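Participant: Structure in C-alpha cells, see below.
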Amino acid sequence: MEKYSTALATEEPHEMKYRKITISGKICTGKSTLFKDLRKTLHWTTISTSQIFRARARKNSLSLEKADEQDDVLTQQIDHQVRDTVLATEKIIAEGWMTGIMTVTHHEVLRILLTSDDQKRVERFMEREGVSFEEAEKRVKDRETLWIEKVTVIYNRSDFFDPKHYNLVIDTTNATPLEVLNEVLQYI
C-alpha cells in the first residue's frame, strides 16, 4: 500500500466552480485520505458519515462489518442529517458511501466517486487492518454485500456507485493521494 504524501497544494483556488463537495466510493478506495487532504488544503467545514457510524458502533458495541446490526431508521436519519448539513453549509466537504447519491439532484454539489480495482482495495484493507489477504477479501466482500442489501431495501434502489450520478469519477488504483487531490483541485 502506498504511504500517503503530506505534500499538498496549499493555495485555495480563487474562483471555484463548487463550494460543496461529497466523496463517495466503496471500502478502501481512498475516501478518507482525500477527505483529510481536502480538509487540510481548503480549510472547509467537514462532516463524515463514516466517522458518525464508527462512533456509534463503538458506543453501542456494534460491528461496522455487520450492517444488519445497525438500525434502519437511524441509518436513514444519519444519511439525511449529512445531506441536510451539506445543503445548508457553504464550503463543506462530506465523506461517506451515501453522500453523493443523497445530493444527486443538487447541481451546486461536486459529487466525487472514487473507484479502485478490487485486488488493490483488498490489499489496502489488509495493510490497514493487519490481516491476511484472505481475511481482508472476505471482510470487504461481506461488509459491502450486507451494506448494499440493507440500503437497497431502505432506499429502494441499488445504483449508489453508478458513475452517471457523479460529476467526477477517479480511479485510485494506481494514483497517489497527491495525484487524486490535484485532480479534484483542478476540477473545482
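The values are calculated or read from the model by the stated rules, or taken from the named source; none is laboratory data. Since the structure is predicted, the reported quantities are computational estimates derived from the model, not experimental observations. Please note: Cβ atoms are built from the backbone with ideal geometry, for glycine as well, and neighbour counts cover all protein chains shown.
Participant: Please specify each residue of the range 115-127 satisfying the condition of being surrounded by fewer than 20 Cβ atoms within 10 Å (Cβ to Cβ) and farther than 30 Å from Lys91 by Cα.
Facilitator: Asp117, Asp118, Gln119, Lys120, Glu123, Glu127
Participant: Separate question: Out of the residues in the range 32-63 meeting the condition of being over 20 Å from Gln186 (Cα atoms) and among the hydrophobic types (A, V, I, L, M, F, W, C), tell me which one is modelled with the lowest pLDDT.
Facilitator: Only one residue tops the list, namely Leu62.
Participant: Can you tell me how many residues in the range 145-166 are crowded, with 18+ Cβ neighbours inside 10 Å and under 27 Å from Leu38 (Cα atoms)?
Facilitator: Summing the residues that are crowded, with 18+ Cβ neighbours inside 10 Å and under 27 Å from Leu38 (Cα atoms) in the range 145-166 gives 4.
Participant: Could you tell me whether the range 98-119 includes any residue that is under 25 Å from Leu42 (Cβ atoms), in contact with a helix residue (DSSP H, G or I) (Cβ under 8 Å, 6 or more places away or on another chain) and basic (Lys, Arg)?
Facilitator: Yes, that holds for at least one residue.
Participant: Could you tell me whether the range 65-77 includes any residue that is farther than 20 Å from Ser48 by Cβ, out of contact with any strand residue (DSSP E or B) (no Cβ under 9 Å at 6 or more places or on another chain) and modelled with pLDDT of 95 or more?
Facilitator: no
Participant: Here is a further query. Looking at the structure I just gave you, is Arg111 closer than 28 Å to Arg56 by Cα and touching a Leu at 6+ places or on another chain (Cβ under 8 Å)?
Facilitator: Here the answer is yes, as Arg111 does meet what is asked.
Participant: In addition: Collect the residues in the range 76-114 that are among the basic types (Lys, Arg) and either crowded, with 22+ Cβ neighbours inside 10 Å or without any contact (Cβ under 8 Å) to a residue 60 or more places away in the chain (or both), keeping them in residue-number order.
Facilitator: Arg83, Arg111
Participant: Just to be sure, is Ile188 in contact with a Pro (Cβ under 8 Å, 6 or more places away or on another chain) and not hydroxyl-bearing (Ser, Thr, Tyr)?
Facilitator: yes
Participant: Still on this structure, I have one more. Only residues that are exposed (fewer than 13 other Cβ atoms within 10 Å of the Cβ) and assigned to a loop (DSSP other than H, G, I, E, B): list them for the range 129-144, please.
Facilitator: Scanning the range 129-144 gives Gly130, Ser132.
Participant: Next up: Give the range 149-164 a look and list any residue that's farther than 21 Å from Asp117 by Cα and part of a helix (DSSP H, G or I), or say none.
Facilitator: Of everything in the range 149-164, those that are farther than 21 Å from Asp117 by Cα and part of a helix (DSSP H, G or I) turn out to be Glu149, Lys150, Val151, Thr152, Val153, Ile154, Tyr155.
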